[in-house]
Amino acid sequence: MVYAGVDVGGTSIKIGLVDSNGNIIADNSIETDKSRGYKGILDDIVADIKVLCEKTGIDYHSIAGIGMGLPGVVDSRTGTVSYSANLGWRDVPVVHGLEVASGLRAEAANDANCAAWGEYKFGSSRGMDSVILITLGTGVGSGIIIEGKLFDGVSSAGGEAGHMIIVKDGKQCNCGLKGCWERYASATALIEQTQEAMAKHPESLMNKIAEEQGKVSGRTAFIAAEQGDKAGKEVVSDYIDYLATGLINLGNIFHPNAIIIGGGVSNEGPALIAPLEEKVNSSLLANEHNPKVRIIKASLGNKAGLIGAAALVM
Ligand SMILES: [Zn+2]
């Protein structure tokens, strides 16, 4: 069986043909042309799926369905995008629209949930029952799967762990609240924390590394820490504390088999994952009597959303 997976972003759309084992047969990326409205965008997607079919010799009508991940609040039960700031959509009946445009069966879900579903079905947590994916990027994305089901609340409006408040009256978040976890644990926040420490410690290696690389990145503090830089080590340790705070909350609420860490920062590997796993597990309630919550690096990279979207129709 062949399925189509679509991962819609604010600037580009990833489209792929995926087999029943979660392998990408062929994929492609097209521009998100918002000026064409949602129907135009759905037509572009269908046209590109046809191009991929031609390239691979797969009969378009043999595709078993199209799954689509979208940024924003997607009510997966009604197939409607209630709200998407990135696309400028409100109450868009996207599943019906895609079925009309394609003549195929369609499903849709929020993009972070699709990525979690992809990792759950085919990634590093395959075979586990309850899994939470946390993506560290511009913000903190999350997808919660409990006992094999996506957990996203009434009208799919929940499951947004990035906006749990971890500091009362803390830093202002884009969502309107203050002190959200993503203001402390996203890649953006890590860069901000690095810049603050660099200004405070002009002697720190971080300044030299940033100059060599031409910018401050999520890697700057980790590289400095690896080379023994004191201020760099502090940035990394504080960042891991912030990250752990949210993971401990999630661990105590859900106690999943594993929490998967994705996004660019997860490439730090053991320097990030090992202390995180230790901190989280030593803080969980009655930790000596319960199985560990494993902390694992995501394995599908930026294709998790596409693969997970295809898995919605499997
Ligand atoms: Zn927020």
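The values are calculated or read from the model by the stated rules, or taken from the named source; none is laboratory data. These figures come from a predicted structure and were not determined experimentally. Please note: Cβ atoms are built from the backbone with ideal geometry, for glycine as well, and neighbour counts cover all protein chains shown.
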Exercise. Within the stretch 168-198, how many residues are charged (D, E, K, R) and either touching a residue at least 40 places away in the same chain (Cβ under 8 Å) or buried (at least 18 other Cβ atoms within 10 Å of the Cβ) (or both)?
Worked result: 2
Exercise. Is at least one residue of the stretch 156-167 in a strand (DSSP E or B) and in contact with a Lys or Arg (Cβ under 9 Å, 6 or more places away or on another chain)?
Worked result: yes
Seminar exercise, completed: For the stretch 28-69, the count of residues that are outside any helix (DSSP H, G or I), touching a strand residue (DSSP E or B) at 6+ places or on another chain (Cβ under 7 Å) and not polar (S, T, N, Q) equals 10
Exercise. Which residues, taken from the stretch 143-161, are surrounded by 20 or more Cβ atoms within 10 Å (Cβ to Cβ) and at pLDDT 95 or above?
Worked result: Gly143, Ile144, Ile145, Ala161
Exercise. Looking at Thr32, Thr56, which is the one that is exposed (fewer than 15 other Cβ atoms within 10 Å of the Cβ) and of a type in the set (Val, Ile, Thr)?
Worked result: Thr56
Seminar exercise, completed: Filtering the stretch 7-26 down to residues that are assigned to a strand (DSSP E or B), within 14 Å of Met68 (Cα to Cα) and not polar (S, T, N, Q) yields Asp7, Val8, Ile13, Lys14, Ile15, Gly16, Leu17, Val18
Problem set entry | Filtered residues of the stretch 131-190 (kept if within 13 Å of the ligand (Cβ to nearest atom), out of contact with any strand residue (DSSP E or B) (no Cβ under 6 Å at 6 or more places or on another chain) and of a type in the set (Lys, Arg)) | Lys171, Arg183
For this session: Output yes when any residue across the stretch 191-202 is in contact with a strand residue (DSSP E or B) (Cβ under 8 Å, 6 or more places away or on another chain), more than 29 Å from Arg90 (Cβ to Cβ) and not aromatic (Phe, Trp, Tyr), and no when none is.
Result: no
Exercise. Residues in the stretch 105-125 that are part of a loop (DSSP other than H, G, I, E, B) and either under 17 Å from the mean Cα position of the chain (by Cα) or surrounded by 19 or more Cβ atoms within 10 Å (Cβ to Cβ) (or both): how many?
Worked result: 3
For this session: Could you tell me which numbered condition Ser217 fails, if it satisfies all but one of (1) more than 29 Å from Lys149 (Cα to Cα); (2) in contact (Cβ under 8 Å) with a residue 40 or more places away in the chain?
Result: (2)
Exercise. Tyr239 is checked against (1) buried (at least 21 other Cβ atoms within 10 Å of the Cβ); (2) more than 19 Å from Ala224 (Cα to Cα) and fails just one. What number does that condition carry?
Worked result: (2)
Problem set entry | Index of the failed condition, Met198 passing every other in (1) assigned to a helix (DSSP H, G or I); (2) more than 30 Å from Lys168 (Cα to Cα); (3) of a type outside the set (D, E, K, R) | (2)
